Amino acid sequence: MPAVRQNLIVETMEAPRHDSNSDSQRTLMSYLIENSDNFAKLEKLKKKDWKNPAAYTHWQKRNMQANPATQDAVQQAFLYKMTQQIVSEMHMKTEALTPGKLGASKLQVLDICMAPGGFTWGALKYNPNAISYGITLPEQRGGYKNRFRLRSQNVRFMDVTMLASECGIDVIPDSHPDFARFLQERPFLDLSFQLIFCGGAVLRSTRDFNTDYPNPYERTRLTTSQLVLAMQRIMPGGTMVVLLGKPEHPDTTAILRHFDRFARIELFKSRRKHTLRSTFYLVARDVQSESHAAKAALEDWKARWYRATFGGEIGTGELEPDMDTASMASMIDEFGTRLIELASPVWEIQAAALLRQDFNVTH
Ligand SMILES: C[S@@+](CC[C@H](N)C(=O)[O-])C[C@H]1O[C@@H](n2cnc3c(N)ncnc32)[C@H](O)[C@@H]1O
């Protein structure tokens, strides 16, 4: 396949960036380099590529080639097919898509950031009698087109990052430039789901709409709003599949650590698609959504959404404060070995792809 198409997702939902030299990140990286051969190898390969002008040009070019989604139907059709392949591979490896009915009369699935619909396609392939629901960004705001058709009452077209009431905020400061776009609606609140996908990615096409004020916290807003939405609808014992990036980033690590306390988790990365990127799917089974740990995680994600949305001096968002040294030390103490165990397959796949990639070859 032509490389240009594989790069449709301009900015995947990787963890929001602190300054890459932040103390907490440096501490975590040193720990991982010392304790994980897979991670050390990946870092070495990445550093080598940073020094390679051909690699730099390659990534620049690929980012430039990724057009706003709404303008390129061919790329979207390609993404749909690719997501179907990823879903099939994921299911073969993890059986994530068949959580069972968990005592309910029917299996219900929610696909957050649904379009083009590859995950919904997979859910119905492996559970033909399931009822599927989706939430996705309207095309007019830069969202993808849905290629998997559900009954219209089962799909809501909305920007999930604007679901203020869902995130616990009913009064919006009227000084906020996007005051009128915040939503009080809480979609599908009367339903609960055995399986929820959080597959959102910040796209260049969606960013083009946020021109009124800079919003460098869009990734955090998208990640946290999806998690908040999902956690308030997942059935106890259900399964969540969440698109994330860079397990080694403190913000991603914090998400994994939360889930590890109230679910059975593993990280899945396709061996065939997007291998060069740091993205992966968290598969969280048996989510104990009513546990104390799950409720604490929900509050943390609501607070992070709030800071990224309304924090800072002008009230349009601020960076998450860096983790202090003592908290990072205790995080590593408690979760470091587990993080390495979980993330090694992701690092290994990415490193193997970098090793295979010849940046001097033009695609
Ligand atoms: C990688 S695609 C998702 C693939 C999809 N889950 C599937 O199974 O085919 C990313 C999706 O995130 C959506 N998206 C991005 N920002 C969003 C937002 N703020 N609210 C809702 N959807 C959003 C995009 O429109 C796109 O549909």
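Every read-out reported here was derived from the displayed coordinates using simple, explicitly stated rules and does not represent laboratory data. Computed from a predicted structure; not experimentally measured. Please note: Cβ atoms are built from the backbone with ideal geometry, for glycine as well, and neighbour counts cover all protein chains shown.
Of note:
- Note on the chain: antiparallel DSSP beta bridges, both residues inside, total approximately 40 percent of the bridges counted.
- Residues of segment 247-283 with amide N under 13 Å of the 7 Å Cα→Cβ point at residue 356: 270-277
- Listed residues 246, 145, 41, most fluctuating in the chain (Gaussian network, C-alpha, under 10 Å): 41
- Couplings 3J(HN,Hα) of segment 181-197, computed from phi: 8, 5, 10, 9, 4, 10, x, 6, 5, 7, 10, 10, 10, 7, 9, 10, 9 Hz, in residue order, whole Hz [Karplus 6.51 cos²θ - 1.76 cosθ + 1.60, θ = phi - 60°; x for Gly and Pro].
- Residues with amide H under 5 Å from that of residue 111, placed H, sequence gap 5 or more: 133, 134, 135, 197
- Evaluated at q = 0.09, 0.12 Å⁻¹: base-10 log I(q)/I(0), Debye formula over Cα of the chain: -0.48, -0.91
- Within the chain, helix-based [θ] at 222 nm, where runs of 4 or more DSSP H residues each add -39,500 (n - 2.57), nearest 500: -14000 deg cm²/dmol
- Of all lysines in the structure, the ones whose alpha carbon falls short of 21 Å from that of residue 41, not counting any fewer than 8 places away in one chain, are 51, 246, 269, 273.
- Extension gain for residue 313 to residue 190 (0.36 nm times residue separation, less C-alpha to C-alpha distance): 40.6 nm.
- Taking every full run of DSSP H in the chain, the ones that stretch at least 30 Å from end to end by Cα along their long axis and average 0.0 or higher on the Kyte-Doolittle scale are 325-356.
- Across the chain, C-alpha contacts under 8 Å between residues 6 or more apart give a mean separation that, scaled by the residue count, equals a relative contact order of 23 percent.
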